[in-house]
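Written out below as structure tokens is the structure these notes cover.
What follows is calculated from the coordinates using simple rules that are stated; it is not laboratory data. Only a predicted model underlies this, so the values are computations on that prediction, with no experimental measurement involved. Note that we place each Cβ from the backbone using ideal geometry, even for glycine, and neighbour counts take in every protein chain shown.
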Amino acid sequence: MTIIENAPADLSGLAEAQKSQVRSVYQEIATEYDERIPGEGVSDDLFTASEHDFVLSKVRAGQKVLDIGCGTGRFTVPMAAAGAEVSGLDISRAMLDVTAGKLAARGLTADLREGDMAHLPFEDASFDVVTSMLALMHIPLGDRQAVFAEIARVLKPGGKLVIGVKNSLFEQFFKGDRFAAVDITDVEAKTLLFTKTRGGKDLTAPWYSFSPQELNSLCATSGMIVTHLRGNSTISAWLADEVLADSGVAGVVRTLEKNLGDVPPFNYLGYHILVEAVKPGR
Ligand SMILES: C[S@@+](CC[C@H](N)C(=O)[O-])C[C@H]1O[C@@H](n2cnc3c(N)ncnc32)[C@H](O)[C@@H]1O
């Protein structure tokens, strides 16, 4: 599969230096990414099942979908398998190579692009859905509004944005990480620390979480309206793994999270937040 290169030529300046750092980290860990995220355990399983259900419930066969920060295709591949016409954009060529391999192994295709989400290489009003999972935290703060404006630009009127981001409101209560123990958020330093890499080095990348209020405001300023805000891991994030190891407890938590994840104020307290926003006009 051909991957189209679209990386910006000039990566100077603070924001560009941060993006360059992000790119080099993912270049380094691309072939081990799928073993690192998600981590292992009941919390991780509940978390990833919830992400998967949310995203796949918003995408239909035949729709044009853009997955930004698509990485190794955790969502690009299942969306293509579900019959969507998917484009995947990532700043790391090595991550895209993994996605291309997975698509080829399953006889699927997608339009894979190497590039920066602050400058989407697509025409206005090209997509029915734009997805971005676990990637927007890497945007330098100065680029945030530009990224949301770019998303709104490439969405068709009536199109949807579907994202999963870490919740900075949750971080006010709990600064540690519940999952994926090898990748650690340093809330104070605003970085994600990748430990125990195959190369033996610890790697860091900028990581800025989002509050529900910020998400509402970023969408509104870009001309999109938040239509669904769901908390992911609203309960399991507060329970020790030993408690969740009991299958009865895990079943109760799964049912409670499924039903309370959309209900205020529980949705605002998720470890991560899943958001659907619509660009009005149809
Ligand atoms: C944590 S991974 C998430 C990958 C995938 N979406 C998932 O859920 O597994 C973050 C991805 O965002 C990509 N990324 C970070 N900054 C980016 C930018 N400015 N433009 C495009 N991709 C970016 C990284 O290269 C990486 O592949």
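Results, tabulated for the structure shown:
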read-out	value
Candidate set from the range 89-117 (those that are part of a loop (DSSP other than H, G, I, E, B) and crowded, with 21+ Cβ neighbours inside 10 Å); member that is farthest from the ligand (Cβ to nearest atom)	110
Qualifying residue in the range 213-233 (condition: within 14 Å of the ligand (Cβ to nearest atom) and either touching a residue at least 24 places away in the same chain (Cβ under 8 Å) or surrounded by fewer than 20 Cβ atoms within 10 Å (Cβ to Cβ) (or both))	yes
Residues (in a loop (DSSP other than H, G, I, E, B) and closer than 24 Å to residue 272 by Cα) located in the range 61-88	69, 70, 71, 72, 73, 74, 75
Positions within the range 24-48 being more than 9 Å from the ligand (Cβ to nearest atom) and either without any contact (Cβ under 8 Å) to a residue 60 or more places away in the chain or polar (S, T, N, Q) (or both), in sequence order	24, 31, 35, 40, 43, 45, 48
Exclusive hit being in a helix (DSSP H, G or I), aliphatic (A, V, I, L, M) and under 16 Å from residue 262 (Cβ atoms), set 49, 30	49
Scan of the range 125-164 for residues that are outside any helix (DSSP H, G or I), in contact with a Leu (Cβ under 9 Å, 6 or more places away or on another chain) and farther than 26 Å from residue 38 by Cβ, ordered by number	125, 126, 127, 128, 155
Residue list for the range 118-129, filter: within 21 Å of residue 79 (Cβ to Cβ) and either aromatic (Phe, Trp, Tyr) or within 12 Å of the ligand (Cβ to nearest atom) (or both)	120, 121, 122, 127
Search result, residues across the range 61-114 that are of a type in the set (D, E, K, R) and farther than 22 Å from residue 139 by Cα	64, 85, 102, 106, 111
Members of the range 209-227 that are closer than 22 Å to residue 156 by Cβ and in contact with a Ser or Thr (Cβ under 9 Å, 6 or more places away or on another chain)	none
